[in-house]
Amino acid sequence: MEFSDLEKSIGYIFKNKTLLKKALTHTSYAYEKEIESNEKLEFLGDSILEFISSKYIYSKYSNLKEGEMTKVRAAVVCEESLYKIACRHNFSDFLYLGRSQKYSKNSVRPAILADSVEAVIAAIYFDSGLDCAEKFIIDNLKDEIEVASTNVGMKDYKTVLQEKLQIHGSVLIKYNIIGEKGPDHDKIFVAEVLCDGKKLAEGIGKNKKMAEMEAAKRALENMKK
């Protein structure tokens with residue numbers, strides 16, 4: 001198991017490799033080997049993650065109200081986001097798991113992978129300080145934060161549309177991305193919404209969620225006419 005591949009992927013080289021190993025040591029493996037697991041690192045990493053993400057949102061998105069900042073943070077500081085980070089850097093290839101948790105690398109429970117990301121954050125902090133931990137966090141979450149900050153406060157037109165269409169019974173509502181244009185850093189997406197196969201409207205947005213939301217909004221507008 002070569003930690004150098006993981007270090008290259010996350011963009012940080014550990015001075016103390018023992019810290020990295022501990023961060024990747026699940027309780028099941030620690031119990032079998034009678035060594036310390038990553039639980040305490042995970043505890044600290046969770047606090048560092050919340051603090052750094054809060055500071056970043058506060059500094060970069062000063063236009064948001066307190067409640068909106070809370071919603072953005074909740075949307076990105078969660079198991080799903082951390083699981084994506086773990087998958088992006090192939091954490092499952094490097095985890096120390098006990099016999100009870102040894103599955104194929106694609107079957108490690110998302111919670112275990114998410115926890116390991118928090119533990120690695122704390123390990124980076126102990127190895128080099130808060131600035132390096134902050135760089136890892138922001139590098140991996142800034143895009144998620146951008147999407148969440150763009151959507152926060154937006155009325156959930158998809159839910160409203162679903163309620164109106166299903167008022168007389170169940171129907172099949174489907175959203176499709178039917179087009180995209182522009183460079184990678186500034187893409188525009190086009191979405192359509194269908195009800196039982198009938199197209200209701202199209203919408204455009206800077207990400208897929210916004211395009212779908214706009215399609216639902218236009219569908220609602222069309223229903224009023």
Go through (1) surrounded by 21 or more Cβ atoms within 10 Å (Cβ to Cβ); (2) closer than 30 Å to ASN222 by Cβ and name the single condition GLU118 misses. (2)
Are there any pairs with C-beta distances below 6 angstrom linking a residue in region 153-179 that is at pLDDT 85 or above to a residue that is of a type in the set (D, E, K, R) and outside any strand (DSSP E or B), with the two at least 6 apart or on different chains, and if so which? VAL171/ASP196; LEU172/ASP196; TYR175/GLU212; ILE177/LYS208
If you check LYS199 against the conditions, is it more than 30 Å from ARG73 (Cβ to Cβ), loosely packed, with under 13 Cβ neighbours inside 10 Å and either among the acidic types (Asp, Glu) or not assigned by TED's automatic domain parsing to the domain that holds VAL72 (or both)? no
Which listed residue, of ASN151, ASN90, ASN140, is surrounded by fewer than 16 Cβ atoms within 10 Å (Cβ to Cβ), out of contact with any strand residue (DSSP E or B) (no Cβ under 6 Å at 6 or more places or on another chain) and not hydroxyl-bearing (Ser, Thr, Tyr): ASN90
Can you tell me how many residues in region 139-183 are within 23 Å of the chain's Cα centre (by Cα) and charged (D, E, K, R)? 9
Among (1) surrounded by 13 or more Cβ atoms within 10 Å (Cβ to Cβ); (2) under 17 Å from TYR125 (Cα atoms); (3) out of contact with any strand residue (DSSP E or B) (no Cβ under 7 Å at 6 or more places or on another chain), there is one condition LEU24 misses while meeting the rest; what is its number? (3)
Is it the case that region 202-216 has a residue that's over 22 Å from ILE145 (Cα atoms) and touching a Phe, Trp or Tyr at 6+ places or on another chain (Cβ under 7 Å)? yes
Which pairs turn up if I take residues in region 209-225 that are over 12 Å from LEU161 (Cβ atoms) and look for partners that are at pLDDT 85 or above and aromatic (Phe, Trp, Tyr) with beta carbon separation below 6 Å, at least 6 apart in sequence or on another chain? ALA211/PHE189
Selection count, region 179-200, where residues are among the hydrophobic types (A, V, I, L, M, F, W, C) and farther than 14 Å from ARG218 by Cβ: 2
Inspect region 177-187 for any residue being in a helix (DSSP H, G or I) and in contact with a helix residue (DSSP H, G or I) (Cβ under 8 Å, 6 or more places away or on another chain) and give the result as yes or no. no
Against the condition of a type in the set (Phe, Trp, Tyr), assigned by TED's automatic domain parsing to the domain that holds GLY129 and under 24 Å from the mean Cα position of the chain (by Cα), how does TYR12 come out, does it pass? yes
Kindly evaluate ILE177 against the criterion of being touching a Lys or Arg at 6+ places or on another chain (Cβ under 9 Å) and over 30 Å from GLU118 (Cα atoms). yes
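The values are calculated or read from the model by the stated rules, or taken from the named source; none is laboratory data. As the structure is a computational prediction, the values presented were derived from the model and not from experiment. In this analysis, Cβ positions are derived from the backbone assuming ideal geometry, glycine residues included, and neighbour counts consider all displayed protein chains.
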